Amino acid sequence: MKPLTTCILALVLAMALVSCQTTETESVAMQQDAAADDAPWTPLLNGTNLDGWTPRGGATWKFEEGVLIGQSENGQGHIYAGPELTDLEVKGVFRITSQGKSANSGLYFRANPPADNPDDYPRGYEAQICNTHDAYTGWLWKPGTPVGKASELLTKDGDWFSMRVKAVGDTIQIWVNDQLVTTHQDSEYVKGYFAIQCHNPGMTVEAKELYYRDLSGM
């Protein structure tokens, strides 16, 4: 066989091998996505009270007519719920309103209260809920720092909206009103709880239809 023909044949075989490997990788990814889509959703609210939720900080929390309500007259606060998860998906319907200072909240995941001050801001990821900040609803935050930019602001104070978060490995995605607005890679926080924030005095945050699913091992 001539050298040129041999080189061409080797190149074709190499390209075929790469194509097979790529196809296999894509197939595995599709299977994982399908398994995640089939994972059952579990409610975070029991429909009656806030049993299973742990408040921290200065906010007050109550449950009325299927809605978790947070208000603050004494500074920021958070309310946590289990289970402790790594890979996960969480969703809910939210509304923030201001009675003075701007309304600022967030949906936390892979979050834990600081060991040295459990009433301080959670250590974990936050899907921002705020319509007046430059890093607005749908941005991904870590404590005090916006890290994942949302493509656009789709919400306003006083209106209900849906939010969904998916965190698998170091890939985090956030949907607002069923529109994907943020995709970001970060690996600092691996495992933790869910939490909802009431950031400012003179505001109200409401949350309902809260569900999660465990995607570990998918």
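Observations on the structure shown:
- Euclidean distance of C-alpha centroids, segment 40-63 and segment 175-202, integer Å: 17
- Segment Q179-N49, extension gain: residue separation times 0.36 nm, minus the distance between their alpha carbons: 43.7 nm
- Three-way shape call for segment 97-218 based on the alpha-carbon gyration tensor, with the a/c threshold at 1.5: oblate
- Label zone of D38 (point 7 Å out along Cα→Cβ, amide N under 20 Å): in segment 180-218 this covers 212-218.
- Extending 7 Å from Cα along the Cβ direction at K156 and again at Y211 yields two label points whose distance is 2.9 nm.
- Legend: ranking of residues Y121, Y80 from fewest to most surrounding C-beta atoms inside 10 Å; resulting order Y80, Y121.
All of the numbers you see were taken from the coordinates with simple rules; none came from a lab. Just so we're clear, the structure is a prediction, and the values are computed from it rather than from any experiment. Methodologically, a virtual Cβ is constructed for each residue, glycine included, from the backbone with ideal geometry; neighbour enumeration extends over all protein chains shown.
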